[in-house]
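Colleague: Before I ask anything, let me first share the structure, which is written out below as structure tokens.
Nothing in this text is a laboratory measurement; each read-out follows from the coordinates by a stated rule. Note that the structure is a prediction, hence the values are computed from the model and not measured. Here Cβ is always computed from backbone atoms with ideal geometry, including for glycine, and neighbour counts include all displayed protein chains.
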Amino acid sequence: MTKNRYGFDLRGIHKKTGTMYDENGFDKNGIHKKTKHKYDLEGYNRDGFNVSGYDRKGFDLVGFDKDGYNKEGYNRKGFDRKGVHKDTKSRYDLKGFDQLGYNKDGFDRKGVHSETLNKFDPEGYNSDGYDVRGFDRNGIHILTWDRFDLLGMDKDGNKIATKTENLSKIVGSKEPKKRQTVAQKRTKKSKRTPKRKRGQEVIDKFF
């Protein structure tokens, strides 16, 4: 006779107990014989979970307790209660972030610092190591790759070089193409070999 996943047949008889209730006192509809609702005297349903979703050992359906740790003692991010990651055995995961989501420099995945709550740390540098003007901690500019920016200023605002007008001086950029004047274009066209008229070669050979 066909039985459902809880062991009851079409008549509502349990295959092991031979009665209308299973070993834990629940019928085919999941109603407990003493409490007359879906939870037994201890507060657990026939699947073994209480109203909060935890089993008798304190773990939820996917295996985590109320504090967010599994049976091995790790949370969903892989950290134990001391903040040590299961794979790296350190305070940081494989991507370099701790259990609060910050890297060793205090920045989260979006580049926000834990202390200032903006894109720059207390010293004024972002997650890539540059200040608001584009200088790193060694005073090198992100565009010029030198101690001065495009205006010729160093990180302290002192003018130490001429203003960079030609961007081709910056590594990785290309010098803009020069525009040709109409006269230059005509000159180039005039240098072309003129087309020979039909029969010209015969005349040349005759003379």
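Colleague: Using the Karplus curve 6.51 cos²θ - 1.76 cosθ + 1.60 with θ = phi - 60°, work out ³J(HN,Hα) for each residue of region 118-126 in order, rounded to whole Hz, and write x for Gly and Pro.
Modeller: 9, 6, 10, 7, x, 8, x, 10, 8
Colleague: A follow-up question, please. Pick out, in residue order, every one of the trypsin sites (Lys or Arg not before Pro) in region 95-130 that is DSSP loop and has at most 14 other C-beta atoms within 10 Å; say none if there are none.
Modeller: Here the trypsin sites (Lys or Arg not before Pro) that fit, given the DSSP loop and packing criteria, are Lys95, Lys104, Arg109, Lys110.
Colleague: Measuring from label point to label point, each 7 Å out along Cα→Cβ, what is the Thr2 to Lys34 span in nm?
Modeller: The modelled label-to-label distance comes out at 3.4 nm.
Colleague: If neighbour count is taken as other Cβ atoms inside 10 Å, put Phe120, Phe79 in order from fewest to most.
Modeller: Least crowded to most crowded, the residues run Phe120, Phe79.
Colleague: Then there is this: Between Glu42 and Glu123, what is the label-point separation in nm under the 7 Å Cα-to-beta-carbon projection?
Modeller: Taking the two extended label points, one gets 5.7 nm.
Colleague: Pairs of Cα atoms under 8 Å, at least six residues apart: use those to get the relative contact order of region 1-56, whole percent.
Modeller: The normalised contact order for region 1-56 reaches 16 percent.
Colleague: Taking 45 Å as R0, compute the FRET efficiency from the Cβ-Cβ separation of Asp87 and Val51 and round it to 0.05.
Modeller: Computed FRET efficiency for Asp87 and Val51: 0.80.
Colleague: Name the trypsin sites (Lys or Arg not before Pro) in region 32-84 that are in a loop by DSSP and that have at most 14 other C-beta atoms within 10 Å, would you?
Modeller: Qualifying residues, ordered by number: Lys33, Lys34, Lys36, Arg56, Lys57, Lys66, Lys71, Arg76, Lys77, Arg81, Lys82.
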